[in-house]
Amino acid sequence: MKIGYPCINNSIPRNAPSTFRLASYSENRLVQTLKSNLIHLNRILKYNVKNNLLFFRISSDLIPFASHPICKLNWRRIFRSEFEEIGGFIKSHNIRVSMHPDQFVILNSPNTKTVENSINELKYHCSILDAMCLDETAKIQIHVGGVYKNKQEAIDRFVRTFIDINKFVDSSIKKRLVIENDDRLYSLKDCLSINQWTGIPIVFDVFHHELLNNEEPMRIALEKAMSTWKMSSDGLPIVDYSIQNSVQGKEKIRKGKHAESIDLTLFEKFLEETQDLDFDIMLEIKDKEKSALKASEVKRTNNI
């Protein structure tokens, strides 16, 4: 079991912004920003190895506007050695990495342009992992999408788009793509239906399952999600873990908002309930590496 966190390390200061406005786009600015982002990613990975945090979600902002038509830069050629060096570090230290495009990636949209843009965004994410020479255990995680007044039709569109994806790009996207159950529209049961037609592995989101489910106990639901993974090619199943934000303030806390910091009592209970199952945990907690360090210590003291 590896424990990790997404995208940002608050313990490592940045000397430059990770992105910029489209109106300020220039190839020179993109090159300088990407160079800075790769240096910063290297620092995060080294920090993670030092602290035994061997799972990390790479930010989608690594290459600003890479999937936008304005970007003509052949960044894979220019930064080939840098990407391969990072990939080599990842492999030599047995780090698991993933990526999670923003929610505007919607494969089941009835709008063909939205689907086309979504596939281009997935192609960009896949290119990053390919440039690092990483195998298909490095996953790209998305939500199923919208319901558009008819969930079954929306599911059917998702399945058709996935099956036809080779018409747009090579099959490497199919090998990396995973879906997660969400907190409002698509439960684990819905994701399992998609898996039956596509074989897409399911990332089990513990918090989302608490908010949207079909009365399956957490442990049973997790086992069902884990059964969609092919260990030989997909690697260990991935689990997203968080809890409800309970911080009280002037504004009402939105149901489904992730916690600011990990509750170690609840996390230890989760580990106890799943102690004979093997999966990697992505902590979707606001304070990132701080909670990951605490969770890793709980894992160590419980000999997991």
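Across all Cα atoms of the chain, the radius of gyration (one decimal) and Dmax (whole number) stand at 19.1, 54 Å.
If I take every Cα pair under 8 Å that is 6 or more residues apart in region 71-176, average their sequence separation and divide by the length, what percent do I get for the relative contact order? Present the calculation step by step, with values, prior to reporting the outcome.
Details: 115 pairs, mean separation 34.0, N = 106.
That works out to 32 percent.
A cut-off of 5 Å between modelled amide H atoms, ignoring neighbours fewer than 5 places along the same chain, links Asn108 with Gly146. Shape annotation for region 1-63: C-alpha extents along the principal axes are 43, 18, 16 Å, from largest to smallest.
Just the number, please: carbon plus sulfur as a percent of the accessible area of region 1-110, 1.4 Å probe, no ligands or DNA/RNA counted.
Details: 2710 of 5550 Å².
Carbon and sulfur atoms account for 49 percent of the accessible area of region 1-110.
Carbon and sulfur together cover what percent of the accessible area of region 154-304 at a 1.4 Å probe radius? Write out the running numbers ahead of the final one.
Details: 3660 of 7500 Å².
Answer for region 154-304: carbon and sulfur cover 49 percent of the accessible area.
Packing, as the average of other Cβ atoms within 10 Å across residues, places the peptides 296-303, 134-141 in the order 134-141, 296-303, highest first. List the relative contact order of the chain as a percent without decimals, with contacts defined as Cα pairs under 8 Å and 6+ residues apart. Relative CO of the chain lands at 19 percent.
Using a Debye calculation, one point per C-alpha and no hydration shell, please list log10 I(q)/I(0) for region 17-167 at q = 0.14, 0.15, 0.17 Å⁻¹ in order. For the requested q values the scattering log ratios are -0.76, -0.85, -1.03.
The values are calculated or read from the model by the stated rules, or taken from the named source; none is laboratory data. These figures come from a predicted structure and were not determined experimentally. In this analysis, Cβ positions are derived from the backbone assuming ideal geometry, glycine residues included, and neighbour counts consider all displayed protein chains. Note: accessible area is taken over every heavy atom of the protein model, side chains too, but ligands, DNA and RNA are not part of it. Shrake-Rupley method; radii C 1.70, N 1.55, O 1.52, S 1.80 Å.
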